[in-house]
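To start, the structure itself, in structure tokens.
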Amino acid sequence: MSSAGVAKEKLLIRPYGDRKDDGVLQISFVLPVPASEKAKEAAALMAKQLGLSHVLVSAMEPCGEGYSFFVVYGRTNLQVDFNSIEVPVVTHRKHPFDELNEVVKRDLGRRIVVVGACIGTDSHTTGIDAIMNMKGFSGDYGLERYPQFRAINLGSQVEPAALVARAKAEKADAILVSKVVTQRDVHKEDARALIEIAKQEKIFETTIFIFGGPRVDHKTALELGFDAGFGPGTKPSDVANYVYYRMLERSGRAPEPQPTAHGTQEATIEGASASPSGAHPEKIGETL
Ligand code: B12
């Protein structure tokens with residue numbers, strides 16, 4: 001059902017291999033046995049048990065001692081109704097660099113303070129650096145470059161408590177959290193710990209929490225108590241615009257999406273939006 005309560009027409013889709021709707025897909029996995037004809041048969045059996053037909057083990061490679069890696073093709077008769085899927089995303093204006101600095105100055109009358117780090121034992125600095133460092137990422141300046149942002153990058157292996165403490169000391173408007181290692185869901189564990197500490201330190205309600213990393217999406221971030229989640233390909237300008245609009249929204253001044261005064265286009269910031277109903281309602285406002 002659409003939000004207006006009108007049933008949407010179904011759009012059934014399935015994987016496309018050689019011909020549309022043939023259901024052909026490719027999976028890859030590791031089995032904890034050395035490569036052999038028997039291991040190959042085990043891989044085929046695994047694929048059949050997953051419900052695939054026309055199974056073909058197209059590659060088997062040794063992968064460490066006593067392990068083997070497989071690429072297997074097969075066909076599925078499953079399908080999904082594309083029109084029944086709802087994913088939280090937001091459309092709002094995305095200002096270019098100079099324009100964003102202007103509107104921050106005009107609308108907020110001060111610099112936005114953001115404090116970020118890659119938390120826990122995670123030593124991957126490149127994600128948070130891409131967003132915060134002067135140089136930025138993919139031709140897009142980082143937050144340090146914005147005159148209207150004060151960006152404090154604490155680097156990697158920062159304990160959640162240390163990040164919260166620094167953010168509190170700096171009266172940060174937003175906390176930027178990066179997690180790249182996701183083994184055993186450590187990213188979620190650390191993210192939850194950070195939110196808990198922020199609540200204890202009484203900055204949860206007044207701060208914008210942003211979660212990022214290669215395996216982070218907006219939905220997961222909302223579930224963990226963050227305002228927004230940003231995944232692969234995020235540009236610093238996505239984050240800068242998100243924080244500005246979120247601050248306006250929280251102060252009850254968010255405008256309707258519309259072309260900017262400077263005539264630039266509206267843009268979609270993938271992965272940044274208000275929450276689906278029910279998730280952390282105390283922190284969620286209207287979609288911008
Ligand atoms: C470089 C690298 C390293 C370097 C890191 C150097 C550094 N200074 O960062 C070194 C060699 C140190 C390293 C170490 C390890 N690594 Co490593 N590493 C990589 C590698 C090859 C590239 C990562 C990278 O730099 N990406 C480029 C950045 C720009 O992309 P990104 O992080 O996705 O960031 C973007 C978005 O995600 C988003 N984003 C990220 N953070 C944030 C934060 C905010 C607030 C926002 C808004 C957005 C955002 O914006 C960014 C720009 O678009 C990846 C594999 C790969 N090809 O991705 C493995 C990888 C990440 N490493 C991996 C592992 C396992 C490790 C080790 C644990 C290995 C080991 N056993 O010792 C150790 C880590 C130890 C530790 N204590 O953390 C695994 C992680 C598996 C998992 N999912 O858990 C990967 C995926 C390799 C693999 N396939 O196994 N690694």
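Since every read-out is calculated from the coordinates, none of them should be taken as a lab result. Note that this is a predicted model, so its numbers are computed, not measured. Cβ placement follows ideal geometry from the backbone for every residue including glycine, while neighbour counts extend to all protein chains displayed.
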With 10 Å bins from zero, work out the P(r) of region 78-168 over every alpha carbon pair and list the percent per bin.
15, 32, 29, 17, 7, 0
With a cut-off of 16 Å, note down the residues of region 98-134 whose backbone N falls inside the zone around a label point 7 Å from the Cα of Ala169 toward its beta carbon.
114-117
Report the extension gain between Gln49 and Ser84 in nm, rounded to one decimal, defined as 0.36 nm multiplied by the number of residues separating them, less their alpha carbon distance.
9.9 nm
Calculate the translational D of region 150-209 in whole µm² s⁻¹ from Stokes-Einstein, where the hydrodynamic radius comes from the Kirkwood formula applied to all Cα pairs, the temperature is 10 °C and the viscosity 1.306 mPa s.
134 µm²/s
Give the span of region 12-81's Cα atoms along each principal axis, as three whole-Å numbers ordered largest to smallest.
43, 18, 17
Loop-only GluC sites (Glu not before Pro) in region 129-233, please: DSSP not H, G, I, E or B, and at most 10 other Cβ atoms within 10 Å.
Glu205
Within 10 Å of each candidate Cβ there may be at most 12 other Cβ atoms; applying that plus a DSSP loop requirement, which chymotrypsin sites (Phe, Trp or Tyr not before Pro) in region 7-102 survive?
Tyr16
Taking 0.36 nm per residue of sequence separation and subtracting the Cα-Cα distance, how much length would be gained by fully extending the chain between His124 and Ser28, in nm to one decimal?
32.0 nm
